[in-house]
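A.B. asks: Sharing a structure below in structure tokens format, with a few things to ask.
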Amino acid sequence: MAIECLVLGAGQEVGKSCVIISIHGKRIMFDCGMHMGYSDHRRYPDFSLISQSGDFNAAVSCIIITHFHLDHIGALPYFTEVCGYTGPIYMTYPTKALAPLMLEDYRKVMVGRGEEQQFTHENILDCMKKVTAVDLKQNVQVDKDLQIRAYYAGHVLGAAMFYACVEGSGIVYTGDYNMTPDRHLGAAQIDRLQLDLLITESTYATTIRDSKYAREREFLKAVHKCVANGGKVLIPTFALGRAQELCILLDDYWERMNLKVPIYFSAGLTIQANLYYKVLINWTSQKVKDTYATRNAFDFKNVHSFDRSLLDAPGPCVLFATPGMISGGFSLEVFKHWAPCESNLITLPGYCVAGTVGHKLMSGKPTKVDLDKDTQIDVRCQIHQLSFSPHTDAKGIMDLVKFLSPKHVVLVHGEKPKMDLLKAKIKSELGIDCCDPANTETVSFSSTRFEISDASNAFIRSSLTPNFKFPKDEITDMPSLHVHDERVSEGILTRVDGKKLKVIHQDEVVTMVGGVKTEVEFCYCFGLKLCNLKSIRVFDSDDDGLIGALNLKLSDEFGDLGLRVCLEKGRLEVNSFRVWICKNDECPHRIDGDWCSEHVFFCCNWSVLDNKKETTVFCWPIKYRELVTLFPSHLWKFQDGGDVNGDNRAVTQATAGSRRITIRRRWKADYARSSSWPCFGTAWSV
Amino acid sequence: MKFTSLGQGGGYNLPACHMLKLSGFHILLDCPLDLSALTIFSPISCTSLYDEEEEMVDLISLEPYYKTVEGVQLWNVSLIDVVLISSPMGMLGLPFLTRTKGFSAKIYATEATTRLSEFMMKDLVAMHMEFKQRYGPHKNSFFEFFNWEKLESLPPSLKDILLGKDSTQLGSWMPLYSAGDVKECLQKVESVVYAQETCYNGSLIIKAFSSGLEIGACNWSLKSPKRNISYISRSIFTSGVAMDFDLHALIGTDVLIYSDFSNSENGSNQELEGDDDDDDLLLDCENERCEEMEKLKFICLCCMDSVKSGGSVLIPSGRLSIVLQLLELLALHLDSSDLKVPIFIISSVAEELLAYTCIIPEWLCKDRQDKMYSGKPVFDYEELIKEKKIHVFPTLDSRELLMMWQEPCIVICPHWSLRLGPAVHLLKRWHSDPNSLLVLEEGVDTDLALLPFKPLSMKVLECSFTSGIKLEKVPQLLKMLQPKQILVPDYAKPFLEPLSNSLPCLFYTESEPLCLPKSKNLCELHISSNVASKLKNKEMRMSRLKGQLYVEHGKHYLVEGKKAKGLEIGPLVHWGKVDLESLLVGLEKIGVKGSNECGSNVVNVVDPGKGLIELKETSVVISVGDESLALLISNLVHSLLNGI
């Protein structure tokens, strides 16, 4: 299964954000924005690409809106009321509260410009009724398989990044976000998630921004200087977000400097927006939040609403006027009145779209601005630019991508050349696959998918049992301080009734299939002439003594490998391997060789499992030194051989007369690969 | 799973308290304080009303101690792993726990619950302080004061409260915590929002869902790998303030712990209609809400009457949602009857509390949220305070309050069982005024509570508000939630037992552990697709699986292990039987000569080496001298057996 990402807007550009993601049969629309730069069909995303038939309810599982900016929500009323989508829509509480203001404002501007309105006031209200508000970190189960969750994004009040998860495959769509806290909002925050895909904005794909405090100080100084000289300050801004942030800044400064110059908000709109900000203060930064009990930070003391009659009133003042960019409306009217006077100041916070008066003021220092054919305004006032932008910078984007470490990254909401640079950087520095599809382009990614099965208790228990290993250091031959706990879960996957999967422990298989377990064993019995061995003579009459001596030696050796040697009822046991002294003269497993009464017989058996199991080592590593004690050298002649089979094993042969014992030793590194025949006691007579 | 009810609670102010052991974790559900027990202490400001001796007989004249849930005190706190707090009242006893040495549990509560109980605890500490400051330290502390004779000489009503029904609860009395304890306690609380998923210890998923009782109050859903549990505390379907009871999130769990039986005394003899669907249930709730509004309106009317006749009104209440609604209604009624009577809210935390309720629209009911969306304040009192119709003061002796004090007036203040805070002083002032009115919530032992203020000539209006789901709706609700098992308190037995064939109920008794048998559910395992690649084949019935198992966020995952080992392992488990015939045929095929003595189950191998194969009941023994021959034979044997 794959994740498909269809970019309907904000692909290699800024404006009309809209991305459709399909995961495992669910389709989620992230944002539904409009483009401010167009007034024809290009202003909305091309919804026909979602569904040819126009049955959007079947084609889209849900819509998620990240914040209330028009380039993220502008097309929503059109999509729901005109295109007829009636499915679920999610956004945060503040977005739901503030979005209608933005939409209504935009609609009025459209009507004011004499354009045909795309949706009515009622459309906006009806659309908002369909919206489900969500809280940060609240888990929303859209349907059985689809789950979404919002995280703080810090871009504007209520801005959120959204996480969506279908059947174990997770994605995050960031919307616009800010990784550094500002005057009134906190920094973006997200959990470390397992992600297949991250779709991030990249407005400032290459810019690294410095601290904002210097710019804030500069702004305050400029404003203070102007009002101190009796000038008027015009700050054209949009109703929500920047206005509140600058206002907090000014209000605070006014308090500290004990200034009495009035601060005005132009339309009723902004005052009303402040009410929302007051109620939703929990969505701001901690510092601002803490003011709720004493004095709500959005309860501006020095702010009054502006009356048109004050336009030409004498005396200094500061005025926030909508819309931003001086693109028309009231801010333009004020501009006409105030621009010609030298003592006045116009502060332009943020980005201005080409074609607006704001853009003209920002590019160079014009002395005259043409409004239309007939009107020309002399600009003698001061112009102050303020580059406050609540978008993350390149470092923030990189930090987020690194923090989340998704399998794939998609860049949207940026400018193509800069995005290319960032894309290359993400690929080279973080080694994460990254692309920046253009509008209407679709990209596909593989997705994580989990098969769901039941697991038997025995399987879970066996997997959770610690499997400690204390490996010896290769060089010093001393146990190192590392403890290995490598738990490889081995089980058996079965399909019950051809449908439901179940994982069981291997011990349960036989019961499940209803058969009888059959062991396959090897047996071998051989003799050793020990009566000649002086060192063993001490306990020669005593079989237990012989086994005991063997036990000591082997425990010594196997202790290192983490295998336990047990001595029980005269038998030595290591895993399934058992060896004992055979008293049965007619032992059926005494296959070959000519034995005489001087031989002491050892019988051994072991399961086929230990013969095959790769992790069990049955090449018993007996050291040369020990061989000498077991088979004293004055009786046995030793000969070390090299690679007999070309597989790294050292062979030591001990010969005493016609009797020869071959001891194959393997090097430590070799143990793991061994699928060996047990070497101990394989004494071949030649 | 083991469940022990430590206290079944009583009324809004004393939520139930339970201990739950789930997949090895001890989970404490709520940690309340029995505030009604405060009534055994004498509010010393009353001394002037009586002669010293007379007063001593009635009530205990000591600095108040506080009664916690006995069962919690008996528990070794260091064993508790998780504490879940369902409502602001459920947190009042928590500082006693958190200040105990060895306490290390993780505490979960909703953000709003944490803040609201912070306000309550702060107020309680402040009022207790005021009590101490006003009357000085007592010579005797609580336990020095009591000896057996004194205990024996107490009137039975006091003795019952002091010692409990079975005379064992003296140990649950504690001196109040300090402001520092409260702060420390709150720092340990992990705040969540509704429906937020938090994970304890990687395996227990905990979620809170609104219960409707109070702002921030919640029910819990616990998900362990093998069992889903939901815990229903006191809940209200639709409330005028808090977010509605979110019951859909609790549908279909393995075990439902139901601890909300608000009005168990009535209704048990009512006939039940079993077949109602949930539409009816919710419709009923709407009626319930209307009834609630009627009650509030009635209270307002009574207040108006008494104000008109020149008497003042005292409304001591700790129920935030009721107070908030009353405020709005009272202001409306005052307006409509054109009365210029001030409403005073007197509490050390009132100002902060009211400000807080204005900034949490996310926790409020739909109507309030809609108000917010339409740009209106969520509660009217913001405006009313600005219009100087409502006045908020921290204490009775605030200078501004004294300056503008006028009677008649309406005072709203915290309840504290009428033993602490402004309520005491105001009762003292008004108790003999027949025109004045006291609005009390039913449930507390009113006689005892009002004892120090007797003779009482002021009117007393006792009212009861919904603080849970009505008993007759419980079966319907339980059916809707479709749990596999229900735990209900034993006092609901006569009511629910007749329904036991449709409702799988188990009844729990206070302080008697109830063990549930181990869940038969199997763990759900998420196998990453590269490990489970063999599954693509639908025909496949069985295959080996190897990988790394880990548990994250309550889910078991099996993913590809780090080391990919080259060697393919052969079958490890064999079943079936090797029969002699096919073995001999097989041996011949691989070029091994062997013979079988008739009647025996042994094959003697002669060529290419000597050997022996013995077929036993449950095993096959191969005994060959040569390694390669042994492998050859064992491979043959494998092919004759079923194996994996």
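A.B. asks: Name the one entry in B:ILE299, B:ILE390 that is touching a residue at least 60 places away in the same chain (Cβ under 8 Å) and either touching an Asp or Glu at 6+ places or on another chain (Cβ under 7 Å) or closer than 20 Å to B:GLU441 by Cβ (or both).
C.D. replies: Matching residue, one of B:ILE299, B:ILE390: B:ILE299.
A.B. asks: In region A:340-386, which strands (runs of 3 or more DSSP E) lie fully inside it and hold 3 or more residues that are under 13 Å from A:GLY324 (Cα atoms)?
C.D. replies: A:345-349
A.B. asks: Oh, and also: Name the residue, out of A:PRO406, A:PRO366, that is at pLDDT below 80 and not polar (S, T, N, Q). Break it down stepwise before answering.
C.D. replies: Working: A:PRO406 fails: at pLDDT below 80.
Answer to the check: A:PRO366.
A.B. asks: When you go through B:PRO434, B:PRO498, B:PRO452 one by one, which is the residue that is exposed (fewer than 14 other Cβ atoms within 10 Å of the Cβ), at pLDDT 80 or above and out of contact with any strand residue (DSSP E or B) (no Cβ under 9 Å at 6 or more places or on another chain)?
C.D. replies: B:PRO498
A.B. asks: Mind telling me which of the residues B:LYS616, B:LYS589, B:LYS593, B:LYS610 ends up being surrounded by fewer than 18 Cβ atoms within 10 Å (Cβ to Cβ), within 7 Å of another protein chain (Cβ to nearest Cβ) and more than 60 Å from the chain's Cα centre (by Cα)?
C.D. replies: When all the criteria are applied, what remains is B:LYS610.
A.B. asks: At least 2 residues that are in contact with a Ser or Thr (Cβ under 7 Å, 6 or more places away or on another chain), crowded, with 18+ Cβ neighbours inside 10 Å and touching a residue at least 12 places away in the same chain (Cβ under 8 Å) in each: list the helices (runs of 4 or more DSSP H) lying fully within region A:393-469 that qualify.
C.D. replies: Correct list: A:394-404, A:416-425.
A.B. asks: Further question: Just to be sure I understand, how many residues within region B:208-258 are buried (at least 24 other Cβ atoms within 10 Å of the Cβ), touching a Lys or Arg at 6+ places or on another chain (Cβ under 8 Å) and modelled with pLDDT under 90?
C.D. replies: 1
A.B. asks: Could you tell me whether region A:473-485 includes any residue that is at pLDDT below 80 and within 14 Å of chain B (Cβ to nearest Cβ)?
C.D. replies: Within region A:473-485, one or more residues are at pLDDT below 80 and within 14 Å of chain B (Cβ to nearest Cβ).
A.B. asks: In addition: What are the residues in region B:179-191 that are in contact with a helix residue (DSSP H, G or I) (Cβ under 7 Å, 6 or more places away or on another chain) and over 12 Å from B:ARG99 (Cα atoms), if any?
C.D. replies: Correct list: B:VAL189, B:SER191.
A.B. asks: Okay, next question. Filter region B:487-514 for residues that are of a type in the set (A, V, I, L, M, F, W, C) and in a strand (DSSP E or B) and give the result.
C.D. replies: Of everything in region B:487-514, those that are of a type in the set (A, V, I, L, M, F, W, C) and in a strand (DSSP E or B) turn out to be B:LEU487, B:VAL488, B:CYS505, B:LEU506, B:PHE507, B:LEU514.
A.B. asks: Further, regarding this structure: Looking at region B:422-431, can you tell me whether even one residue there is farther than 25 Å from B:SER467 by Cβ and under 32 Å from the mean Cα position of the chain (by Cα)?
C.D. replies: No - not one qualifying residue is present in region B:422-431.
A.B. asks: Right, another one. Hey, can you tell me all the residues within region B:370-384 that are facing another protein chain (nearest Cβ under 7 Å) and farther than 17 Å from A:PHE298 by Cβ?
C.D. replies: Residue satisfying the conditions is B:TYR373 alone.
A.B. asks: Would you check which residues across region B:562-586 are modelled with pLDDT under 75, closer than 29 Å to A:GLY514 by Cα and at the interface with another protein chain (Cβ under 7 Å from one of its Cβ atoms) and list them?
C.D. replies: Here is the first cut: in region B:562-586, the ones modelled with pLDDT under 75 are B:562-572.
Adding the requirement that they be closer than 29 Å to A:GLY514 by Cα leaves B:568-572.
Of everything in region B:562-586, those that are modelled with pLDDT under 75, closer than 29 Å to A:GLY514 by Cα and at the interface with another protein chain (Cβ under 7 Å from one of its Cβ atoms) turn out to be B:ILE569, B:GLY570, B:LEU572.
A.B. asks: Restricted to region A:557-597, and to residues that are under 49 Å from the mean Cα position of the chain (by Cα) and of a type in the set (Val, Ile, Thr), which residue is modelled with the highest pLDDT? Let's see the steps before the verdict.
C.D. replies: Taking region A:557-597 and keeping what is under 49 Å from the mean Cα position of the chain (by Cα), we get A:557-565, A:574-577.
Next cut, of a type in the set (Val, Ile, Thr) only: A:565, A:574.
On the way: A:VAL565: 66, A:VAL574: 70.
Only one residue fits best here, namely A:VAL574.
A.B. asks: Could you tell me whether A:SER211 is of a type in the set (Gly, Ala, Ser), surrounded by fewer than 17 Cβ atoms within 10 Å (Cβ to Cβ) and under 31 Å from the mean Cα position of the chain (by Cα)?
C.D. replies: Spelling it out, A:SER211 is indeed of a type in the set (Gly, Ala, Ser), surrounded by fewer than 17 Cβ atoms within 10 Å (Cβ to Cβ) and under 31 Å from the mean Cα position of the chain (by Cα).
A.B. asks: Among helices (runs of 4 or more DSSP H) lying entirely in region B:324-392, which contain 3 or more residues that are at pLDDT below 90?
C.D. replies: On the way: elements: B:350-357, B:366-373, B:381-386.
Here the list reads B:381-386.
A.B. asks: So which residues in region B:619-644 are among the aliphatic types (A, V, I, L, M) and at the interface with chain A (Cβ under 7 Å from one of its Cβ atoms)?
C.D. replies: Of everything in region B:619-644, those that are among the aliphatic types (A, V, I, L, M) and at the interface with chain A (Cβ under 7 Å from one of its Cβ atoms) turn out to be B:VAL620, B:VAL621, B:ILE622, B:VAL624, B:ALA630, B:VAL637, B:LEU641, B:ILE644.
A.B. asks: Further, regarding this structure: Looking only at residues in region B:153-194 that are part of a helix (DSSP H, G or I) and free of Cβ contacts under 8 Å to residues at least 24 places away in the same chain, which one is surrounded by the fewest Cβ atoms within 10 Å (Cβ to Cβ)?
C.D. replies: Within region B:153-194, the first condition is being part of a helix (DSSP H, G or I), and the residues that meet it are B:153, B:156-163, B:169-172, B:179-187.
Still in the list and also free of Cβ contacts under 8 Å to residues at least 24 places away in the same chain: B:153, B:156, B:159-160, B:163, B:180, B:183, B:187.
Numbers: B:SER153: 9, B:PRO156: 7, B:LYS159: 15, B:ASP160: 15, B:LEU163: 18, B:GLY180: 11, B:LYS183: 13, B:GLN187: 9.
So, considering only residues that are part of a helix (DSSP H, G or I) and free of Cβ contacts under 8 Å to residues at least 24 places away in the same chain, the one surrounded by the fewest Cβ atoms within 10 Å (Cβ to Cβ) is B:PRO156.
A.B. asks: Here are A:TYR85, A:TYR78, A:TYR163, A:TYR90: which of them is in the same structural domain as A:LEU185 (by TED's automatic domain parsing), touching a Gly at 6+ places or on another chain (Cβ under 8 Å) and either closer than 30 Å to A:ARG183 by Cα or crowded, with 20+ Cβ neighbours inside 10 Å (or both)? It would help to see each step written out before you state the result.
C.D. replies: Numbers: A:TYR85 fails: touching a Gly at 6+ places or on another chain (Cβ under 8 Å); A:TYR78 fails: touching a Gly at 6+ places or on another chain (Cβ under 8 Å); A:TYR90 fails: touching a Gly at 6+ places or on another chain (Cβ under 8 Å).
Of A:TYR85, A:TYR78, A:TYR163, A:TYR90, the one residue that is in the same structural domain as A:LEU185 (by TED's automatic domain parsing), touching a Gly at 6+ places or on another chain (Cβ under 8 Å) and either closer than 30 Å to A:ARG183 by Cα or crowded, with 20+ Cβ neighbours inside 10 Å (or both) is A:TYR163.
A.B. asks: Any idea which of A:SER211, A:SER202 is modelled with pLDDT of 90 or more and polar (S, T, N, Q)?
C.D. replies: So the residue among A:SER211, A:SER202 that is modelled with pLDDT of 90 or more and polar (S, T, N, Q) is A:SER202.
A.B. asks: Could you grab me the full set of residues in region B:8-47 that are among the small types (Gly, Ala, Ser) and crowded, with 22+ Cβ neighbours inside 10 Å?
C.D. replies: B:GLY9, B:ALA16, B:ALA37
A.B. asks: Looking at region A:493-523, which of its residues are surrounded by 14 or more Cβ atoms within 10 Å (Cβ to Cβ), outside any strand (DSSP E or B) and within 7 Å of another protein chain (Cβ to nearest Cβ)?
C.D. replies: Within region A:493-523, A:GLN506, A:VAL509, A:VAL510, A:VAL513, A:GLY515, A:THR518 qualify.
The values are calculated or read from the model by the stated rules, or taken from the named source; none is laboratory data. All figures in this text were calculated on a predicted structure; none of them were measured in a lab. Counting neighbours? That spans all protein chains shown, and the Cβs are built from the backbone with ideal geometry, glycine included.
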